[in-house]
1. Here is a list of conditions, (1) hydrophobic (A, V, I, L, M, F, W, C); (2) at pLDDT 95 or above; (3) open to solvent by less than 70 Å² (accessible area, probe 1.4 Å), and Leu44 meets all of them except one; can you say which number that is?
2. Which of the following residues is within 17 Å of Ile79 (Cβ to Cβ) and open to solvent by less than 70 Å² (accessible area, probe 1.4 Å): Gly33, Gly50, Gly58?
3. Kindly indicate the residue of the stretch 1-32 that is assigned to a helix (DSSP H, G or I) and touching an Asp or Glu at 6+ places or on another chain (Cβ under 7 Å) and also farthest from Trp95 (Cα to Cα) among those meeting that condition.
4. In contact with a helix residue (DSSP H, G or I) (Cβ under 6 Å, 6 or more places away or on another chain), open to solvent by less than 70 Å² (accessible area, probe 1.4 Å) and in a helix (DSSP H, G or I) - does that describe any residue in the stretch 75-82?
5. When you look at Ile79, is it more than 16 Å from Leu44 (Cα to Cα) and among the β-branched types (Val, Ile, Thr), yes or no?
6. In the stretch 91-106, how many are in contact with a helix residue (DSSP H, G or I) (Cβ under 7 Å, 6 or more places away or on another chain) and part of a helix (DSSP H, G or I)?
Amino acid sequence: MTVTLVLVIAMAVLFSCGVYLLLERSLTRMLLGFLLLGNALNLLLLVMSGAAGKPPIGKSAEGITDPLPQAFALTAIVITFAVSAFLLALIHRSWKLSRADEVEVDEADVAIGRRRDDDADPGDDDPELDTDPESAQQEENAR
């Protein structure tokens, strides 16, 4: 049995929808995106495992199925379940505290981003490699 195009397309759709939902600001949509990515990963592991064959328990080693991708899929299921339970707890806590499902913009992060953009020279390739002692002292004082 070969991998059908339908499975590959379904996996690609699950991945793309999952990534799209992860980029949203709503925590519930992020959870749904993570669940879609987990299911797409399981489908990827099973599609890449190869053709179906005999069980790996037997006397001859010819034509047996590799059990490792199935073990990876089971591990991915457990990890997806644990992380989704953690995300559900975070969503519940956020709803209890602020009655909001949206991730708010952190003003401190925005200020740091603006400061780094203002400090960077337009001709500089990497602002992190700045060797000016004054700017290093200012950064140290800011911390």
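The values are calculated or read from the model by the stated rules, or taken from the named source; none is laboratory data. Values in this document were obtained by computation on a predicted structure and should not be read as measured data. Because the Cβ atoms are built from the backbone with ideal geometry, glycine has one as well, and the counts that use them run over all protein chains shown. SASA here: full protein model, heavy atoms, side chains in, ligands and nucleic acids out. Shrake-Rupley method; radii C 1.70, N 1.55, O 1.52, S 1.80 Å.
1. Every listed condition holds for Leu44 apart from (2).
2. Details: Gly50 fails: within 17 Å of Ile79 (Cβ to Cβ); Gly58 fails: within 17 Å of Ile79 (Cβ to Cβ).
Of the residues listed, the single one that is within 17 Å of Ile79 (Cβ to Cβ) and open to solvent by less than 70 Å² (accessible area, probe 1.4 Å) is Gly33.
3. Step one: list which residues in the stretch 1-32 are assigned to a helix (DSSP H, G or I), which gives 5-22, 27-32.
Checking which are touching an Asp or Glu at 6+ places or on another chain (Cβ under 7 Å) leaves us with 27-28, 30.
Details: Leu27: 10, Thr28: 11, Met30: 15 Å.
Step by step, filter the stretch 1-32, then rank; the result is Met30.
4. Filtering the stretch 75-82 for residues in contact with a helix residue (DSSP H, G or I) (Cβ under 6 Å, 6 or more places away or on another chain) gives 76, 80.
Of the ones still in play, those that are also open to solvent by less than 70 Å² (accessible area, probe 1.4 Å) are 76, 80.
Next cut, in a helix (DSSP H, G or I) only: 76, 80.
Yes, the stretch 75-82 contains at least one residue that is in contact with a helix residue (DSSP H, G or I) (Cβ under 6 Å, 6 or more places away or on another chain), open to solvent by less than 70 Å² (accessible area, probe 1.4 Å) and in a helix (DSSP H, G or I).
5. Details: more than 16 Å from Leu44 (Cα to Cα): no; among the β-branched types (Val, Ile, Thr): yes.
Against the criterion (more than 16 Å from Leu44 (Cα to Cα) and among the β-branched types (Val, Ile, Thr)), Ile79 does not qualify.
6. Number of matching residues: 2.
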